[in-house]
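S.K.: Can you keep this structure in mind? I'll have questions shortly.
No value in this document is a laboratory result; all are computed from the given coordinates. A quick note: this is a predicted structure, and the numbers were derived from the prediction, not measured. Positions of Cβ are generated from backbone atoms using ideal geometry, with glycine treated the same way; all protein chains shown enter the neighbour counts.
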Amino acid sequence: MLRYLIPLGLFLILTIFLAIGLTRDPHTLPSALLDKPAPTFRLAQLKEPSKTFSADDMRGKVWLLNVWASWCVACREEHQFLPEYAKVVPIIGLNYKDNPEDALAWLSELGDPYTLSAVDLDGRVAIDYGVYGAPETYVIDKGGTIRLKHVGPVTPAVWSTKFLPLVQELNRK
Amino acid sequence: MTRLRIFAPLLLCLLLAPVQAQVQTEEQTSGDPVIEERLARLSHDLRCLQCQNQTLADSPAGLAADLRREIREQMKAGKSDKEIIAFLQARYGDFILYRPQVKPVTYLLWFGPFVLLLTGLLVLFSYIKRRRDAIPEKPLTAEERRRAQELLQ
């Protein structure tokens, strides 16, 4: 009897592992920067190129860094939800490897939910943040620590389960 | 013949068009053969995060080109391969390494196959041994020995 049960057991274990594997998206990677200080940077602002923005300017606030670009299709999908989130927490855009003219046209067409957008023309700041695709969204706490990274559009479902509770908790601190 | 004369330049244009397009997207190299050689070697061990089954050396993705530029700059600045890998690992995690490091979380990955092989061999040997023990050793009788002798001759 046992000699039949062992292969069956092994088969079931394999099936369970494969089934778990199917539910996971291999494109989402754990961020190496989680609970690490957000890399500092100083970049020109999209709407006022003479002004700069630094991550340090947001010290003492909980904020979102949202990596977007006008060439990014999923960003367009996400964009419609951002005004709702911006009511709760300031969102800083990181305009990633974009043509500033296209980016401005995009914002005037779809609306601008961002407190401001910083221009990362050659993607250097994005490398510091470990960005590997847009959109990506980071939650950064009052002390300037990265508390969450989300790859892909922040849909309302993602917002209410992952972002909102965390932002509220961080704001209470 | 005249027709060929008209078509030849057109054909030439068509042939050259893709080359033109390729030249435009080609990335800037450092111009230093030592750095290019080091980059080629290093980027074969690094993963492109955008198209995950390609190395940084092979990938045409924008991010891969950016990372190659970053590596070139760091090499120019005199960073060692180890420092550059540490830099990338701090940002993108272990996943950027095509060759996983040997550390407790990857022990199963590195040594698992050998453990399986060893287990398989043990099972095989014990099976063979059990079978061999199961066959009773029975000496031939005088009659059988005579018949075997006959058949062999």
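S.K.: What trypsin sites (Lys or Arg not before Pro) in the range A:9-70 are in a loop by DSSP, with at most 16 other Cβ atoms within 10 Å of the Cβ? All intermediate terms of the calculation are to be shown ahead of the outcome.
M.R.: On the way: sites: A:R24, A:R42, A:K47, A:K51, A:R59, A:K61; in loops: A:R24, A:K47, A:K51, A:R59, A:K61.
Within the range A:9-70, the qualifying trypsin sites (Lys or Arg not before Pro) (loop, at most 16 other Cβ atoms within 10 Å) are A:R24, A:K47, A:K51, A:R59, A:K61.
S.K.: Another question about this same structure. What net charge do the residues around A:D98 carry, taking every other residue with its C-beta under 12 Å from that of A:D98, with Lys and Arg at +1 and Asp and Glu at -1? Present the calculation step by step, with values, prior to reporting the outcome.
M.R.: Working: positive: A:K97; negative: A:E101, A:D102, A:D120, A:D122.
Charge balance in the 12 Å sphere: -3.
S.K.: Oh, and also: From Cα coordinates alone, what are the radius of gyration and Dmax values for the range B:97-153 in angstrom?
M.R.: Final numbers for Rg and Dmax: 24.4, 72 Å.
S.K.: Going Cα to Cα from A:K87, which lysines come in below 21 Å? Please leave out same-chain ones fewer than 8 positions away.
M.R.: Within the straight-line cut-off, A:K87 pairs with A:K47, A:K61, A:K142, A:K149, A:K162, A:K173.
S.K.: Could you compute the FRET efficiency for B:C51 and A:A105, with r as their C-beta to C-beta distance and R0 at 22 Å, rounded to 0.05?
M.R.: Values: r = 29 Å, r/R0 = 1.31.
The formula returns an efficiency of 0.15 here.
S.K.: May I ask you to derive the FRET efficiency for B:L109 and A:L5 from their Cβ-Cβ distance with R0 = 41 Å, giving the value to the nearest 0.05? Working shown, then result.
M.R.: Values: r = 28 Å, r/R0 = 0.69.
With a Förster radius of 41 Å, E is 0.90.
S.K.: Here is a follow-up. Calculated from DSSP H runs of 4 or more alone, at -39500 (n - 2.57) each and per residue, what is the 222 nm mean residue ellipticity of chain A, nearest 500?
M.R.: Working: 6 runs with 59 residues, N = 173.
Calculated from helices alone, the mean residue ellipticity at 222 nm is -10000 deg cm²/dmol.
S.K.: Right, something else. Compare the peptides A:106-117, A:63-74 by average per-residue count of other Cβ atoms within 10 angstrom and give them in order, highest first.
M.R.: Values: A:106-117: 16.8, A:63-74: 21.0.
Averaged packing, sorted descending, gives the order A:63-74, A:106-117.
S.K.: Separate question: Mind checking which lysines have their Cα closer than 26 Å to the Cα of B:K82? Skip sequence neighbours fewer than 8 apart in that chain.
M.R.: A:K36, B:K103
S.K.: Tell me the angle of helix A:2-23 to the major Cα principal axis of chain A, expressed in degrees between 0 and 90 and rounded to the nearest ten.
M.R.: 10 degrees
S.K.: Tell me, what is a quarter of the convex hull surface for the C-alpha atoms of the range B:22-75, in nm² with one decimal?
M.R.: Details: hull surface 14.4 nm².
Result: a mean projected hull area of 3.6 nm².
S.K.: I'd like the mean, over residues of A:129-135, of how many other protein chain beta carbons sit within 10 Å of each residue's own Cβ.
M.R.: Neighbouring Cβ atoms belonging to other protein chains average 4 per residue here.
S.K.: Measure out, as a whole number of angstrom, how far apart the alpha-carbon centroids of the range A:1-49 and the range B:25-93 sit.
M.R.: 24 Å
S.K.: What is the spin-label model distance, in nm, from A:V88 to B:L116 if the labels are put 7 Å beyond Cα along the C-beta direction?
M.R.: The modelled label-to-label distance comes out at 4.4 nm.
S.K.: How large is ³J(HN,Hα) for each residue in the range A:32-45, as worked out from phi by the Karplus curve 6.51 cos²θ - 1.76 cosθ + 1.60 (θ = phi - 60°), to whole Hz, x for Gly and Pro?
M.R.: The phi angles translate into 6, 9, 4, 6, 10, x, 5, x, 7, 7, 9, 10, 5, 7 Hz.
S.K.: Separate question: Let me understand the protein assembly as shown better: what is its radius of gyration from the alpha carbons, and its Dmax, in angstrom?
M.R.: Cα radius of gyration and Dmax of the protein assembly as shown are 30.7, 111 Å respectively.
S.K.: Hey, with R₀ at 45 Å, roughly what FRET efficiency would A:S50 and A:V73 work out to, going by the Cβ-Cβ distance, to 0.05? Mind showing how you got there, number by number?
M.R.: Numbers: r = 31 Å, r/R0 = 0.69.
The calculated FRET efficiency here is 0.90.
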